[in-house]
Amino acid sequence: MNAAAALIPIFGVIALGWLLRRSKQVHKDLWAGVNTLSYRALLPALLFSTISRADYAGLSAGPFLIAVTLGFAMMGVIAFAFKPLPVDGPAYTSLFQGAVRWNGFVLLALASSAFGAEGGALAALVFAPAVPLVNVMCVAVLTLWGASEVKPDARRVAMRILTNPLILACLAGAVCNGLGLFQAGAIADTVALMGRAALPLILLAIGAGLDFSALRASPALLGLAVMLKLVIAPMVFLALGHALGVEGVPLALLVAIGATPGAAGAYVLAAEMGGDARLMAGHVTATTLLAFIAMPFWIWVAGG
């Protein structure tokens, strides 16, 4: 299945989530619970099940993960180069988050459909280096230039990252994969069953969180943030992939990571730490809509 065809049901579920919220068929207060359940239980189960059962023999996982890590770091450097722009601190923090944050859930949903088991296995691995790196960069920028007077405690932030359920699930899955544990049997099947519920619920929640009114917030800055996410980031990831000899499915997946839409978690972090939350909401909405075009295009450029 090609990327464009694989994205149709993904964005169809996202659209359904938006319709459910707009029609009030699902009470708005319930979506927060869906997000929490997915983040703390269902998605970790999916990551653990995918990684623990995957056959990584023959996959170029090493160069792929190096390219992923360098890609996010380079996007942080590029976003930092825009600091001299005549915008206030909170607006800049949202521009930064827009450039570096990624929606790994859309990537996971796409990877298995478009690239099979190999794509799903590699996509699951991305969370281990990407989650801590991106969170550290964004928290640091918000601490320096956010409007909130309450600054995060460094030890507390470190503990939040070290105890992140997604990171722990990736590490546990990698250990069990290496030791040959929980790859079959009742426990493995139970975890896999939980994981299968993750992506549909997350995609519905993404749709429920779309805010079209926020597209009118700072149009010029929003346009720059969208360009950084859907144009510059895929180019950076593609260049790194070529430089490190990544090719085939891993290269296609690499550029898909660059072209994923912004993450809803960026809005939450902006609201908590004094960023421009409305600009962030507009970025998430715009990139979610435009990623339907950007992701297949960049995968095609990569030869996927």
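Using just the helices of the chain, give the 222 nm mean residue ellipticity in deg cm²/dmol: DSSP H runs with n ≥ 4 each add -39,500 (n - 2.57), and the total is spread over all residues, rounded to 500.
Values: 15 runs with 226 residues, N = 304.
Result for the chain, helices only: -24500 deg cm²/dmol.
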Taking the alpha-carbon centre of each part, the distance from the range 26-81 to the range 256-287 in Å is 16 Å
Relative to the chain, whose Cα atoms define the longest principal axis, helix 264-273 and its Cα axis are tilted in degrees, nearest 10, by 50 degrees
Log10 I(q)/I(0) at q = 0.18 Å⁻¹ for the range 1-55, from Debye over equal alpha-carbon scatterers, is -0.85
Placing +1 on each Lys and Arg Cβ and -1 on each Asp and Glu Cβ in the chain, then taking the dipole about the Cα centre, the residue among Leu7, Gly207, Ala121 whose Cα reaches farthest towards the positive end is Gly207
Note to self: C-alpha centroids of the range 194-234 and the range 89-116 sit apart, in Å, by 8 Å
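For the range 27-177, what value does the Rg/Rh ratio take when both radii are computed over Cα atoms and Rh is the Kirkwood radius, given to two decimals? Please list the in-between numbers first.
On the way: Rg = 17.1 Å, Rh = 17.0 Å.
So for the range 27-177, dividing Rg by the Kirkwood Rh gives 1.00.
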Relative contact order as a percentage, the chain, C-alpha pairs under 8 Å and 6+ apart, gives 34 percent
Exposure proxy check on Met235, Met280, Met295, Met74: fewest-to-most Cβ neighbours within 10 Å is Met235, Met74, Met295, Met280
With the charge dipole of the range 19-61 built from beta-carbon charges (+1 for Lys and Arg, -1 for Asp and Glu) about the Cα centre, the Cα from Ala57, Leu47, Val34 projecting farthest to the positive end belongs to Val34
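Arrange Asp29, Asp211 by Cβ neighbour counts within 10 Å, fewest through most, would you?
On the way: Asp29 7, Asp211 15.
Arranged by neighbour count, lowest to highest, Asp29, Asp211 become Asp29, Asp211.
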Evaluated at 10 °C and 1.306 mPa s, the Stokes-Einstein D of the chain based on the Kirkwood radius over Cα pairs, in µm²/s, stands at 82 µm²/s
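FYI, it's all coordinate maths here, none of it is from the lab. Quantities reported herein were computed from a predicted structural model and do not represent experimental measurements. With ideal geometry, Cβ positions are generated from the backbone for all residues, glycine too; neighbour counts draw on all protein chains shown.
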